[in-house]
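The structure appears below as structure tokens.
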Amino acid sequence: ELSLFGYELTGWEPAISPASGSIQYTAQWTATTYSPEALYAAIAPGVVEIVVSDSYHDEISLGSGFFIDDEGTIATNYHVIEGGYSAKVTDSAGETYDVEEVLAYDQTIDLALLKVDTADNDYLLLVNEPVRTGETVYAIGSSLGLTNTFSSGIVSTASREYDGVRYIQTTAPISHGNSGGPLVDIHGRVVGINTMTMTDGQNLNFALDIRELDDLDTSSPMSMEDFWDETSSEYFASIDQTG
């Protein structure tokens, strides 16, 4: 029996029947719709908590992320690792890993890809098609350090563009610490990366459209120390400007 996370086999094209010659059959898949309980159980193992420290080994940031393959690649927000000299990642089983490389980052888009030394890890599927306003979505991450906090909502606006970057506006509650965590659809596929909330309003939360990951340049991976060397001056300048 064939199976694939997020999808279930519905048949073959053409329908399988006795044949005297060589025939190529193509499996037909449909997206699996999960109950909230089953969805949480399916995606939680692929979500991580990220703790970032400066060059004095003081913790400066806590955020979330998620594996996008089974080779230890993690997607998160750039602002989660901003100013970081080192970072540790903890998965849902309590295993902790040092971030060995920053595979890519983009401050404008607010995205980063990290690498930890693990293999055959659980990971989440990314969706290719856009979400629709009104559909149900779920957010998961370390809200205020509360690991794997799971919440639900709807897509308020499917595409909210700001400075050329695509966002999904949602009512799924998020808090500090959710940044970098996944926003998933009812099929368990990642549609966005939870990024920010407007605190002056109610349920005005925003996730980067997952398709923004396609714009990251992964040709120049670097260690966390090299990331610090490359970005620290700009980080300190931003702190001076904001007081």
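The values are calculated or read from the model by the stated rules, or taken from the named source; none is laboratory data. Just so you know, these numbers come straight off a predicted model, no measurement behind them. Positions of Cβ are generated from backbone atoms using ideal geometry, with glycine treated the same way; all protein chains shown enter the neighbour counts. SASA here: full protein model, heavy atoms, side chains in, ligands and nucleic acids out. Shrake-Rupley method; radii C 1.70, N 1.55, O 1.52, S 1.80 Å.
Here region 108-129 is the region considered, the condition is being surrounded by 14 or more Cβ atoms within 10 Å (Cβ to Cβ) and either farther than 17 Å from GLY181 by Cα or not aliphatic (A, V, I, L, M) (or both), and the residue that is nearest to the chain's Cα centre (by Cα) is TYR123. Note on region 43-79: residues that are closer than 13 Å to ASN121 by Cα, small (Gly, Ala, Ser) and in contact (Cβ under 8 Å) with a residue 60 or more places away in the chain amount to 2. Applying a threshold of 6 Å to beta carbon distances and a minimum spacing of six or more residues, or different chains, the list of pairs starting in region 169-190 at a residue that is closer than 17 Å to GLN202 by Cβ and ending at one that is surrounded by fewer than 24 Cβ atoms within 10 Å (Cβ to Cβ) and charged (D, E, K, R) reads GLN169/ARG160.
Take the residues in region 24-63 that are of a type in the set (Val, Ile, Thr) and in a loop (DSSP other than H, G, I, E, B), then tell me which one is modelled with the highest pLDDT. My answer is THR33. One residue stands out in region 184-217 among those that are within 18 Å of TYR162 (Cα to Cα) and touching a helix residue (DSSP H, G or I) at 6+ places or on another chain (Cβ under 7 Å): the one that is surrounded by the fewest Cβ atoms within 10 Å (Cβ to Cβ), namely VAL191.
Quick grid of which residues meet (1) among the hydroxyl-bearing types (Ser, Thr, Tyr); (2) within 16 Å of LEU146 (Cβ to Cβ); (3) open to solvent by 10 Å² or more (accessible area, probe 1.4 Å):
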{"site": "SER55", "(1), (2), (3)": "yes, no, yes"}
{"site": "ILE60", "(1), (2), (3)": "no, no, yes"}
{"site": "SER64", "(1), (2), (3)": "yes, yes, no"}
{"site": "PHE67", "(1), (2), (3)": "no, no, no"}
{"site": "ASP70", "(1), (2), (3)": "no, no, yes"}
{"site": "HIS79", "(1), (2), (3)": "no, no, yes"}
{"site": "GLY83", "(1), (2), (3)": "no, no, no"}
{"site": "ALA87", "(1), (2), (3)": "no, no, no"}
{"site": "THR90", "(1), (2), (3)": "yes, yes, yes"}
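Can you confirm whether ILE43 is within 15 Å of the chain's Cα centre (by Cα) and either under 30 Å from GLU234 (Cβ atoms) or hydroxyl-bearing (Ser, Thr, Tyr) (or both)? No. Does region 106-117 contain at least one residue that is closer than 21 Å to GLU82 by Cα and of a type in the set (Gly, Ala, Ser)? Within region 106-117, one or more residues are closer than 21 Å to GLU82 by Cα and of a type in the set (Gly, Ala, Ser). Scoring ILE140 on the criteria (1) in contact with a helix residue (DSSP H, G or I) (Cβ under 7 Å, 6 or more places away or on another chain); (2) open to solvent by 10 Å² or more (accessible area, probe 1.4 Å); (3) part of a strand (DSSP E or B); (4) over 16 Å from VAL52 (Cα atoms) leaves a single failure, condition (2). Considering only residues that are in a loop (DSSP other than H, G, I, E, B) and of a type outside the set (S, T, N, Q), which ones fall in region 189-233? Matches in region 189-233: ARG189, MET198, ASP200, GLY201, LEU204, LEU216, ASP217, PRO221. Here LEU9 meets the list (1) in a strand (DSSP E or B); (2) modelled with pLDDT under 70; (3) surrounded by fewer than 13 Cβ atoms within 10 Å (Cβ to Cβ) almost entirely, failing just condition (3).
With respect to the conditions (1) of a type in the set (Gly, Ala, Ser); (2) closer than 18 Å to LEU114 by Cα; (3) buried (at least 18 other Cβ atoms within 10 Å of the Cβ), SER220 falls short on a single one, namely (3). Restricting attention to region 155-176, the residues that are assigned to a loop (DSSP other than H, G, I, E, B) and either open to solvent by 30 Å² or more (accessible area, probe 1.4 Å) or aromatic (Phe, Trp, Tyr) (or both) add up to 6.
How about region 65-95: which of its residues are out of contact with any His (no Cβ under 9 Å at 6 or more places or on another chain), in a strand (DSSP E or B) and of a type outside the set (A, V, I, L, M)? Scanning region 65-95 gives GLY65, PHE66, PHE67, THR73, THR76, LYS88, THR90, ASP91.
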